[in-house]
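My structure is below; once you've seen it, I'll send some questions.
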Amino acid sequence: MEIIQLVQIAKNHLKRAYVPYSRFPVAAVALDAQGNIYKGINVENASYGLTMCAERVCLFESINQNDERPIITDFVVIGNTPSAISPCGACRQVMSELLTQKNTYLFSIC
């Protein structure tokens, strides 16, 4: 699958983000070595520490859907920002542990 296709999937999924407080939607899409696609969006909560970022939702879903940890070959994160989006520290930590391949693409859609 081409990266541009993953970006389009992320763009289409961005509208599902639940962001009533920040109005800052983010979507993430992962592709594994078997060709499976996993999607995630950020989900906010009034208690902001309970908010879940799109990157973690996506990667946790890849674990949830498999008997073994999948090998993620491509990982796209997209936001409505003027420049490439930058994951938070918690997401960077999870990404460093779960992304064995370093094919991570950060995009903006402005």
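If a residue must be loosely packed, with under 13 Cβ neighbours inside 10 Å and either within 15 Å of the chain's Cα centre (by Cα) or closer than 19 Å to Lys39 by Cβ (or both), how many such residues does the stretch 72-87 contain? First the steps, then the outcome.
If we filter the stretch 72-87 for residues that are loosely packed, with under 13 Cβ neighbours inside 10 Å, which is where we start, we get 82-84, 86.
From what is left, the residues that are either within 15 Å of the chain's Cα centre (by Cα) or closer than 19 Å to Lys39 by Cβ (or both) are 84, 86.
The qualifying residues number 2.
I've got another one for you. For the stretch 84-98, what are the residues that are part of a loop (DSSP other than H, G, I, E, B) and at pLDDT 90 or above? Talk me through it step by step, then tell me what you get.
We begin by selecting, within the stretch 84-98, every residue part of a loop (DSSP other than H, G, I, E, B); these are 84-88.
Within the stretch 84-98, Pro87, Cys88 meet the criteria.
Further, regarding this structure: Taking the condition of being among the hydrophobic types (A, V, I, L, M, F, W, C), open to solvent by 30 Å² or more (accessible area, probe 1.4 Å) and touching a helix residue (DSSP H, G or I) at 6+ places or on another chain (Cβ under 7 Å), how many residues in the stretch 33-42 meet it? Reasoning before the result, please.
Restricting attention to the stretch 33-42, the residues satisfying the condition of being among the hydrophobic types (A, V, I, L, M, F, W, C) are 33, 37, 41.
Add one more test, that the residue is open to solvent by 30 Å² or more (accessible area, probe 1.4 Å), and what stays is 33, 37.
Narrowing the set further to residues that are touching a helix residue (DSSP H, G or I) at 6+ places or on another chain (Cβ under 7 Å) leaves 37.
So the answer is 1.
So, Leu6, is that one in contact with a strand residue (DSSP E or B) (Cβ under 6 Å, 6 or more places away or on another chain) and either open to solvent by less than 20 Å² (accessible area, probe 1.4 Å) or not in a loop (DSSP other than H, G, I, E, B) (or both) or not? Quick ask: steps written out before the conclusion?
Numbers: in contact with a strand residue (DSSP E or B) (Cβ under 6 Å, 6 or more places away or on another chain): yes; either open to solvent by less than 20 Å² (accessible area, probe 1.4 Å) or not in a loop (DSSP other than H, G, I, E, B) (or both): yes.
Judged against the criteria, Leu6 is a match.
Something else about it: Within the stretch 33-46, can you find the residues that are of a type in the set (A, V, I, L, M, F, W, C) and free of Cβ contacts under 8 Å to residues at least 40 places away in the same chain? Break it down stepwise before answering.
Let us first name the residues in the stretch 33-46 that are of a type in the set (A, V, I, L, M, F, W, C), namely 33, 37, 41, 43, 46.
Ile37, Ile41, Val43, Ala46, listed by residue number.
While we're on this one: For residues that are assigned to a helix (DSSP H, G or I) and modelled with pLDDT under 95, scanning just the stretch 15-55, find the one that is nearest to Asn66 (Cα to Cα). Steps first, answer last, please.
Filtering the stretch 15-55 down to residues assigned to a helix (DSSP H, G or I) leaves 48-50, 54-55.
In the following step, the residues that additionally are modelled with pLDDT under 95 were identified as 48-50.
Numbers: Tyr48: 29, Gly49: 28, Leu50: 25 Å.
Looking at residues that are assigned to a helix (DSSP H, G or I) and modelled with pLDDT under 95, I get Leu50.
How many of the residues making up the stretch 10-32 are open to solvent by less than 60 Å² (accessible area, probe 1.4 Å) and either in contact with a helix residue (DSSP H, G or I) (Cβ under 9 Å, 6 or more places away or on another chain) or touching a residue at least 40 places away in the same chain (Cβ under 8 Å) (or both)?
We begin by selecting, within the stretch 10-32, every residue open to solvent by less than 60 Å² (accessible area, probe 1.4 Å); these are 10, 13-14, 17, 19-20, 22, 25-32.
With the extra rule that they be either in contact with a helix residue (DSSP H, G or I) (Cβ under 9 Å, 6 or more places away or on another chain) or touching a residue at least 40 places away in the same chain (Cβ under 8 Å) (or both), the set shrinks to 10, 13-14, 17, 22, 25-32.
Summing the residues that are open to solvent by less than 60 Å² (accessible area, probe 1.4 Å) and either in contact with a helix residue (DSSP H, G or I) (Cβ under 9 Å, 6 or more places away or on another chain) or touching a residue at least 40 places away in the same chain (Cβ under 8 Å) (or both) in the stretch 10-32 gives 13.
The values are calculated or read from the model by the stated rules, or taken from the named source; none is laboratory data. What you are looking at is a predicted structure, and each value in this text was computed from that prediction instead of being measured. All Cβ positions, even for glycine, are placed from backbone atoms using ideal geometry, and neighbour counts span all protein chains on display. Note: accessible area is taken over every heavy atom of the protein model, side chains too, but ligands, DNA and RNA are not part of it. Shrake-Rupley method; radii C 1.70, N 1.55, O 1.52, S 1.80 Å.
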